[in-house]
1. Which whole number of Å³ per residue matches the convex hull of the alpha-carbon atoms in region 230-270?
2. Taking loop as defined by DSSP and a crowding limit of 16 other beta carbons within 10 Å, which GluC sites (Glu not before Pro) in region 37-110 fit?
3. How large is Rg over Rh for region 121-270, taking Rg from the Cα atoms and Rh as the Kirkwood inverse mean of 1/r across Cα pairs?
4. Suppose R0 equals 22 Å; then what is the FRET efficiency for K91 and E268 from their Cβ-Cβ distance, rounded to the nearest 0.05?
5. What net charge do the residues around V110 carry, taking every other residue with its C-beta under 12 Å from that of V110, with Lys and Arg at +1 and Asp and Glu at -1?
6. Once phi is turned into θ = phi - 60°, what whole-Hz ³J(HN,Hα) does the Karplus curve with 6.51, -1.76 and 1.60 give for every residue of region 87-93, x standing for Gly and Pro?
7. Could you pull out every residue, at least 5 positions away or on a different chain, whose amide H is within less than 5 Å of the one on K93? Hs are placed 1.01 Å off N in the peptide plane, and Pro or chain starts have none.
8. Taking just the alpha carbons, could you work out the radius of gyration and Dmax for region 63-165, both in angstroms?
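Values in this text are rule-based calculations from the coordinates and carry no lab data. Being a predicted model, the structure only gives us computed values, none of them experimental. Cβ sites come from the backbone with ideal geometry, for glycine too, and all protein chains shown count toward neighbours.
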Amino acid sequence: MESRKRSRSPDTQPAENDSATTVPAITTSTAPETVKRLPTTTDQLVMHLFKAVAPHLQKPNLELEVRLCILCDERNQRFRVPIETPAVVTKVKKAEASVAKYDFERIVRVLEEALASAVARAEDGVTPAMKKRETNTRDVVRNGIRESFDPVTGVSLGIIKKQRLVVCDILCPRSRYDLRFALNQEVPIAPSTVQASGGGDSGFVRMKQRTSFEAGPYSFDLTQVRQRVDAQPSLEVEIEAALDSTADLEKALSTVSGLLAKAFSLLEKV
């Protein structure tokens, strides 16, 4: 991939501050002898992520995600260590999740082209290998519980309790963006078990306009997020994959590997 320096920082906003267990035991010291111990090859990164995920595999409702972001240090500047290849880092102050508009639009075009190709290759009566889905919601988050509403009718679409189990930040020094890998548990909750909201806004509110390109177990989600209807959107790009609690270790490893490979492929497009 051609090396490019970012001429300017994309419009960004901090990622959600979910509680989680960050992958431990890796330092961000810039001492060369320390940096050499960071997992840097793709195989090493995959195994590092898989070892963090493996202890949770028997839990239900698991979802892997990897998000394009900018990893920032204590000075709110992009994290920098003297390496040339992607590597795991810790002590990240925040991950700014918004990407630049032209990068967002570029990724949309790439995925639209992949969708058109999948449809063209599909035989009559056969479902294409990729499909597209559009969703618009108003999400209200309170006490770690997210309730999604239809933005037009105000009808509740579902309630989810989300817990971050693993977070792992991957610095990508030769790319415009870095990656935040996470394992989440998203448990559906019956409306009767939470306080009725009546479609109100008594919590952290986000309006989401999402386009998803689904291919096999993976979903490429491109989301415009607003905290107010008249606000400029935060443009967010992530890839998600569900983890079946009955799957064997080999299948889980394959899912982790595939997710990381697809994330690196996206980085090459921007």
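1. Working: hull volume 2.9 nm³, N = 41.
Taking the convex hull of the Cα positions in region 230-270, it is 71 Å³ per residue.
2. Working: sites: E63, E65, E74, E84, E96, E105; in loops: E74, E84.
Here the sparse-neighbourhood loop sites are E74, E84.
3. Numbers: Rg = 17.5 Å, Rh = 17.7 Å.
Over the Cα atoms of region 121-270, Rg/Rh equals 0.99.
4. Details: r = 27 Å, r/R0 = 1.25.
Working from the Cβ atoms, E equals 0.20.
5. Numbers: positive: R106, R109, K262, K269; negative: D103, E105, E112, E113, E268.
Neighbourhood net charge equals -1.
6. Coupling constants for region 87-93: 8, 6, 9, 10, 6, 6, 6 Hz.
7. C72, D73, E74
8. Every Cα atom of region 63-165 included, Rg and Dmax give 19.2, 56 Å.
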